[in-house]
1. How far is helix 126-136 tilted off the main Cα axis of the chain, in degrees rounded to 10, range 0 to 90?
2. May I ask you to compute the full-extension gain from Arg32 to Gln98, defined as 0.36 nm times their residue separation minus their alpha-carbon distance, rounded to one decimal in nm?
3. At 0.692 mPa s and 37 °C, plugging the Kirkwood radius over alpha-carbon pairs of region 303-364 into Stokes-Einstein gives what diffusion coefficient in µm²/s?
4. So if R0 is 45 Å, what FRET efficiency would Thr59 and Glu313 give, r being the distance between their Cβ atoms, rounded to the nearest 0.05?
5. Would you mind calculating the gained length between Gln190 and Arg361 on full extension (0.36 nm times residue separation, minus the Cα-Cα distance), in nm to one decimal?
6. If packing is taken as the average number of other Cβ atoms within 10 Å across a peptide's residues, how do 132-138, 290-296 rank, most packed first?
7. What is the magnitude of the charge dipole of region 12-286 about its Cα centre, with +1 placed on the Cβ of each Lys and Arg, -1 on the Cβ of each Asp and Glu, and no other charges, expressed in debye to the nearest 20?
8. Using only DSSP helix segments of four residues or longer, with each worth -39500 (n - 2.57), what per-residue ellipticity at 222 nm results for the chain after dividing by its residue count and rounding to 500?
Amino acid sequence: MSKHLTKRAEDYSKWYNELIVKADLAENSAVRGCMVIKPYGFAIWENMQKELDRMFKETGHQNAYFPLFVPKSLFETEEKNAEGFAKECAVVTHYRLQNDPDNEGKLRVDPEAKLEEELIVRPTSEAIIWSTYKGWIQSHRDLPLLINQWANVVRWEMRTRLFLRTAEFLWQEGHTAHATKAEALAEAKQMQEVYATFAEDFMAMPVIKGAKSESERFAGADNTLTIEALMQDGKALQAGTSHFLGQNFAKAFDVKYTSKEGKQEYVWATSWGVSTRLIGGLIMTHSDDAGLVLPPKLAPIQVVIVPIYKGEEQLNAISEKVDVIVKELRAKGISVKFDDRDTFRPGAKFAEYELKGVPVRIAMG
């Protein structure tokens, strides 16, 4: 495959799509609107995950996991949320296939294997989580409840772009319950700050913090806080959101606690999330016509060493020196790769690592 990229000035959208494929980050899959995240792209996501997870835990949150499927009746419990996501839902109606007697080798849905209740493939997890919280929260001693999950979600998008908008994507979603409105508001604001700090300090991506207009709020939220980043094409990218849910979900799912005064009160809620869309933002913030440009804190390979040699004797001599450097760098927590493949010339390797955005390249010979 040619490594030549379309220039940003010629066709920004084409440049973006080409760069993702040629830099080996991701590709379109056999499933309409879904992507395969390749090892190099997933390594960037893992580095994002690692840092965000540390920040979440430092602010008192714990990880849990909830089902992929949401019974339709639960999904409909909070009306605004259900209405807001209705057009994006994938729905499971049957649980079994059978051989088609009229078409040998083909399968069809078994009409007798219809589910008693249809299942929504989660577009977001508020419904399943708040139905669970009803059993977890009884007293003020159970609050605050600070839970995050790393998961995949499905939103049946008609127009898709790798990382920015796909039918299935990876994300994290925090869901918290609080005794007071003030605590929940503070939580929503705190997580907006966490996202802004991550974007600016680790992605080197400047963001503007603000609140969404009423028409743009998350379905079921009283307020949605956001971080927005400006891309090279002059368009803003919503990079993360933190929602103050008020008591909407607590009332819909009857989640109450007994206060210190012995009164039954509804809890106050937040939810917040960022997704693999951040990789799209990373690409469009820094990269250029030569390829990816990755901030060192998120680059899967921070240093690559390319040997320049003639014959095995020279390569062995270089390798001895490189071993020392590699050990010293790794001891400092720096990820380093020694590319001693003999199937590519140094020039081809230089082009590959420029395309992949490796921050530091050392040539030794």
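Just so you know, all these numbers are worked out from the coordinates, no wet-lab data involved. Predicted model, so just to flag it, every value in this text is computed and none were measured. Every residue, glycine among them, receives a Cβ derived from its backbone with ideal geometry; neighbour counts consider all protein chains shown.
1. That helix lies at roughly 60 degrees to the long axis.
2. 21.4 nm
3. Stokes-Einstein gives a translational diffusion coefficient of 272 µm²/s.
4. 0.20
5. Values: separation 171, 0.36 × 171 = 61.56 nm, distance 3.81 nm.
Length gained between Gln190 and Arg361: 57.7 nm.
6. Listed from highest to lowest mean packing, they are 290-296, 132-138.
7. 320
8. Details: 10 runs with 120 residues, N = 365.
Helices in the chain give a 222 nm mean residue ellipticity of -10000 deg cm²/dmol.
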